[in-house]
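Student: Structure below; questions to follow.
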Amino acid sequence: MVEETRVTTDDLILPLFLIDGKNQKTEVGSMPGIFRLSIDLMLKEIEECLRLGINVFDVFPAVEDQWKDKTATKSYDPGFFYLKALRQIKKEFPEACIMTDVAMDPYSSDGHDGLVKDGKILNDETLEILGRMALAQAETGIDILGPSDMMDGRVGYIRSVLDENGFTDVSIMSYTAKYASGFYNPFRDALDSAPKFGDKKTYQMNPANRNEALREAHLDEMEGADFLMVKPALAYLDIISLLKDNSSLPIAAYNVSGEYSMIKAAAQKGWLDGERVMKETLLSIKRAGADVILTYFAKEFAALTVSNIR
Ligand code: PBG
């Protein structure tokens with residue numbers, strides 16, 4: 001009766017990794033229990049998750065090198081497997097809420113989220129590509145766009161592209177405070193999307209900064225974001241709490257790949273009780289102020305919850 005915080009399956013978004021082909025399933029080496037799936041198997045996975053009470057999915061494409069180029073051309077090619085798969089998912093499960101990722105890195109031969117010239121990221125030139133990508137994704141019928149690129153001004157830019165093209169109902173979950181973090185490595189393994197040179201510190205945030213998160217939140221609100229996200233979650237619980245206290249928008253937190261892998265690895269070694277630590281972790285993120293949690297644990301958590309209730 002007096003318990004203040006509860007995590008339910010309604011709070012969770014499950015990130016999924018899509019690969020081209022049929023009947024393909026490969027485990028991500030650094031993320032035990034997480035697989036890259038071709039569309040046929042992903043449809044089955046989504047069906048299972050819906051049955052367990054997970055209704056929101058964030059789909060990321062793992063793109064083969066031969067399709068990557070400087071300008072991420074494939075990101076807005078309607079015939080490319082990612083966009084085709086999104087259309088199929090929404091057709092098969094219109095009730096599922098589908099979120100997509102807007103950033104160049106999965107399609108970029110440079111492995112960066114923005115356009116690179118002479119070793120530098122070109123912010124404003126990137127916006128045009130992000131706009132095309134966002135529009136192509138919206139045209140598939142998806143519900144939420146997740147700009148994870150951290151270019152300045154992209155939320156406003158994407159919002160106006162969407163509105164001008166009649167996609168007023170598509171929401172934007174902005175990666176508002178996305179830190180230049182060491183916790184993303186397993187994700188970059190999953191997508192083979194590590195930067196080919198340098199790092200992402202010129203566009204992702206300095207882990208030392210707190211006020212900057214407020215500035216980013218303010219800009220995203222003004223530009224029309226529907227959700228503000230903090231990422232990673234665990235080393236940034238104070239930032240989640242800060243944004244919750246300073247915004248009336250729903251706050252999302254991304255419990256990232258490295259946070260998942262640490263728990264899985266320790267549990268495999270028998271050093272931690274994986275199930276218990278997973279629950280405690282999700283609880284702490286919610287207690288800090290997150291309304292929504294993106295987590296690779298979503299399905300596992302849901303399976304436990306269902307077996308507790310029934
Ligand atoms: C890239 C992107 C990243 C993640 C989501 N979108 C990695 C990065 O910025 O290099 C990380 C997710 C995770 O680690 O689980 N646009």
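Student: Extension gain Asp118-Asp245, at 0.36 nm per residue separation less the Cα-Cα distance, in nm?
Tutor: On the way: separation 127, 0.36 × 127 = 45.72 nm, distance 4.08 nm.
Taking Asp118 through Asp245 to full extension adds about 41.6 nm, to one decimal.
Student: What is the percent carbon and sulfur in the accessible area of the chain, measuring with a 1.4 Å probe over the protein chains and ignoring ligands?
Tutor: That fraction is 50 percent.
Student: Something else now. Add -39500 (n - 2.57) for each DSSP H run of 4 or more in the chain, then divide by its residues: what number comes out at 222 nm, to the nearest 500 deg cm²/dmol?
Tutor: For the chain, the value works out to -12500 deg cm²/dmol.
Student: Rounded to the nearest 0.05, what FRET efficiency is calculated for Ala180 and Lys279 with R0 set to 35 Å and r the Cβ-Cβ distance? It would help to have the intermediate numbers written out before the result.
Tutor: Details: r = 29 Å, r/R0 = 0.83.
The pair Ala180/Lys279 has a calculated efficiency of 0.75.
Student: I'd like to check one number: the per residue accessible area of the range 188-266, probe 1.4 Å, reported in Å² as a whole number. Please list the in-between numbers first.
Tutor: Numbers: 3450 Å² over 79 residues.
Using a 1.4 Å probe on heavy atoms only, each residue of the range 188-266 averages 44 Å².
Student: Could you check which residue among Ile239, Ile39, Ile263 shows the biggest mean-square fluctuation in a GNM of the chain with a 10 Å Cα cutoff?
Tutor: Between Ile239, Ile39, Ile263, it is Ile263 that shows the largest mean-square fluctuation.
Student: Treating the beta-carbon of each Lys and Arg as +1 and of each Asp and Glu as -1, no other charges, what is the dipole magnitude of the chain about its Cα centre, to the nearest 20 debye?
Tutor: 720
Student: Further question: Please work out how much length the chain gains when fully extended from Leu272 to Asn206, using 0.36 nm per residue of separation minus the C-alpha to C-alpha distance, in nm with one decimal.
Tutor: Working it through step by step, the gained length comes to 20.7 nm.
Student: Then there's this: Would you please classify the overall shape of the range 1-159 from the alpha carbon gyration tensor, given that a ≥ b ≥ c denote the square roots of the eigenvalues, rounded means a/c under 1.5, and beyond that prolate means a/b larger than b/c while oblate covers the rest?
Tutor: Since a/c reaches 1.5 and a/b is larger than b/c, the shape of the range 1-159 is classed as prolate.
Student: Taking the range 209-302, which chymotrypsin sites (Phe, Trp or Tyr not before Pro) meet the DSSP loop condition and have no more than 13 other C-beta atoms within 10 Å?
Tutor: Working: sites: Phe227, Tyr236, Tyr254, Tyr260, Trp271, Tyr296, Phe297, Phe301; in loops: Trp271, Tyr296, Phe297.
Of the chymotrypsin sites (Phe, Trp or Tyr not before Pro), the ones in loops of the range 209-302 whose Cβ has at most 13 other Cβ atoms within 10 Å are Trp271.
Student: Which value in nm describes the separation of the simple spin-label points at Ser307 and Asp192, placed 7 Å from the Cα toward the beta carbon?
Tutor: So the two model labels end up 3.5 nm from each other.
Student: Sort Arg188, Arg210 from largest to smallest accessible area, using a 1.4 Å probe on the heavy atoms of the protein chains.
Tutor: Most to least solvent-accessible, the answer reads Arg210, Arg188.
Student: Shifting gears a bit: How many Å³ per residue does the convex hull of the Cα positions in the range 125-257 occupy?
Tutor: Given the Cα convex hull of the range 125-257, per-residue volume reads 114 Å³.
Student: Rank Val63, Val28, Val277 by mean-square fluctuation in a GNM of the chain with C-alpha springs under 10 angstrom and give only the top-ranked residue.
Tutor: Val277
Student: Give me the percent of Cα-Cα pairs in the chain that sit more than 25 Å apart, rounded to a whole number.
Tutor: 46
Student: Here's a follow-up. Could you work out how far the C-alpha centroid of the range 42-99 sits from that of the range 169-185, in angstrom?
Tutor: Centre-to-centre distance over Cα atoms comes out at 18 Å.
Student: Ratio of the range 93-153's C-alpha Rg to 2.2 N^0.38 Å, to two decimals?
Tutor: 1.21
Student: I would also like to ask the following. Could you work out the mean projected area of the convex hull around the alpha carbons of the range 239-292, in square nanometres to one decimal?
Tutor: 3.7
Student: By per-residue mean of other Cβ atoms within 10 Å, what is the highest-first order of 1-12, 83-94? Kindly include the intermediate steps, with their values, before the conclusion.
Tutor: On the way: 1-12: 11.8, 83-94: 16.7.
Final packing ranking: 83-94, 1-12.
Student: For Met222 and Val2, calculate 0.36 nm times their separation in residues minus their Cα-Cα distance, and state this gained length in nm to one decimal.
Tutor: Extending this stretch completely gives an extra 75.5 nm.
The values are calculated or read from the model by the stated rules, or taken from the named source; none is laboratory data. In this text, all values refer to a predicted model and were calculated from it rather than measured experimentally. Cβ sites come from the backbone with ideal geometry, for glycine too, and all protein chains shown count toward neighbours. Note: areas computed on protein heavy atoms with side chains; ligands, DNA, RNA excluded. Shrake-Rupley method; radii C 1.70, N 1.55, O 1.52, S 1.80 Å.
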